[in-house]
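See below for the structure under consideration.
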Number of protein chains: 2
Amino acid sequence: MTKADSPSHEDLMKLDNFLCFAIYSTNHAFTRVYKPLLDELDLTYPQYLVMVVLWEKDDQTVGSLGERLFLESSTLTPMLKRLEGMGYISRIRDRTDERQVRVTLTESGRALREKANNVPYDIAGATGMKPAELVRLKQEIASLRTSLLR
Amino acid sequence: MTKADSPSHEDLMKLDNFLCFAIYSTNHAFTRVYKPLLDELDLTYPQYLVMVVLWEKDDQTVGSLGERLFLESSTLTPMLKRLEGMGYISRIRDRTDERQVRVTLTESGRALREKANNVPYDIAGATGMKPAELVRLKQEIASLRTSLLR
DNA sequence: AGGATTTACATCGCGCACGATTTAATCGGG
DNA sequence: CCCGATTAAATCGTGCGCGATGTAAATCCT
């Protein structure tokens, strides 16, 4: 394929030219880099993301967590039960609207934040990218996500 | 955060500033976009990636598929058994090295390629990006993956 | 007011995905 | 030639992740 041409069909059918596969495999790579760091906190990677959302804003419903993380209640409910079992959060039905479950940090959950302080720096280091590059790439990918969900 | 500063710690702890989350959530978004297209082929998204690898080069071992896709045998073995059950591939122990399993396309597996012809175009369309942009972004993300796995 | 509809979460079944372990085959050194 | 080490898959247990479905509460509508 030359610079001026559109990719040929043969090119498009090669795995290495799939943007989705780049994303897919890089996502797995991130999970592997996070693993040893999160093992210290007894968290999985998705559980860590939930904690990040709660550290940012405590006392949210299952629905609002799902909206933030793009996850369904069928994914979150079991995850939240595990986090509750570990003592990091509590799940309580909302008094005024019993359909909703309010998720709040426990003391232990708030304390965990300090232990997790270094994680973003370690990860940023593993990317080998400069902060400004990271921000730009992140933004590009986020806007791709928006296109896909449109 | 101003243009000249490094991100503050508070910034770094916000979910929206996580490159990993952009990747994670965009990966899920891709899965959703692929779903209706792949339903026609009776394939899941990871199964489709396996088929793409085999369409590119038939007759591979479980190990080489895993190297290509960054997956372990514990993931591939059950997946390959499903694809075999659907009649798209066959799994046969290598005569000369009985430790290896050779994965080859069946006639039905090769035929499926034609039915899948339009998929890359539909996906490219859903990204809303120009071919050249797609290639550049894909390359950037692939090199990020390389850094992470180093 | 009260039945129909909508909303929020939970449950279930299925398919990844991995680490740890197991099994079987091959390789290598003495 | 044989026994220990290595290699390739498979197996097992755990945790996402989703769509379809269920359940109960809130809301809507006349």
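No lab work stands behind these numbers, since they all come straight from the coordinates. Computed from a prediction, not measured in an experiment: that's the story for all the values here. Cβ placement follows ideal geometry from the backbone for every residue including glycine, while neighbour counts extend to all protein chains displayed.
Some values worked out for this structure:
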| read-out | value |
| --- | --- |
| Charge context of B:Met129, other residues only, Cβ under 14 angstrom, K/R +1, D/E -1 | +1 |
| Shielding by partners - mean other protein chain Cβ count within 10 Å, residues of A:39-49 | 1 |
| ³J(HN,Hα), Karplus 6.51/-1.76/1.60, whole Hz, each residue of the stretch B:90-107, x for Gly, Pro | 10, 10, 9, 4, 5, 4, 7, 9, 5, 6, 8, 10, 8, 9, 10, 6, 8, 4 |
| For A:Phe18, residues with placed amide H under 5 Å, excluding near neighbours | none |
| Low-density loop cleavage sites - trypsin sites (Lys or Arg not before Pro) in the stretch A:22-70, where at most 16 other Cβ are within 10 Å (DSSP) | A:Lys57 |
| Pairwise centroid distance, computed over Cα atoms, of the stretch B:108-140 with the stretch A:66-121, Å | 37 Å |
| Within straight-line cross-link reach of A:Lys130, aspartates and glutamates at Cα separation under 16 Å, skipping those fewer than 8 residues along the same chain | A:Asp122, A:Glu140, B:Asp5, B:Asp11, B:Glu140 |
| Helix-only mean residue ellipticity at 222 nm for chain A, each DSSP H run of n ≥ 4 adding -39500 (n - 2.57), per residue, nearest 500 | -19500 deg cm²/dmol |
| 10 Å Cβ neighbours from other chains, averaged over peptide A:121-134 | 4 |
| Dipole of the stretch B:17-117, positive end: most advanced residue of B:Leu19, B:Val62, B:Ala111 [Cβ charges, Cα centre] | B:Leu19 |
| Student exercise, the stretch A:67-128 dipole from Lys, Arg, Asp, Glu Cβ charges, in Debye to nearest 20 | 160 debye |
| C-alpha long axis of helix A:45-56 to longest principal axis of chain A, angle in ° | 60 degrees |
| Cα centre as origin, Lys/Arg/Asp/Glu Cβ charges: the protein assembly as shown dipole, Debye | 40 debye |
| Relative contact order for chain A, counting Cα pairs under 8 Å that sit 6 or more residues apart, in percent | 17 percent |
| Exposure rule at most 11 other beta-carbon atoms within 10 Å, DSSP loop GluC sites (Glu not before Pro): chain A longest free segment | A:99-150 |
| Relative compactness, the stretch B:17-117, computed as alpha-carbon Rg over 2.2 N^0.38 Å | 1.17 |
| Degrees separating the helix A:73-85 axis from the principal Cα axis of chain A, which is the longest one | 50 degrees |
| Sequence-distant residues sharing a close amide H with A:Gln60 (under 5 Å, placed H) | A:Val103 |
| Dipole magnitude of chain B, debye to nearest 20 (Cβ charges: Lys/Arg +1, Asp/Glu -1, about Cα centre) | 200 debye |
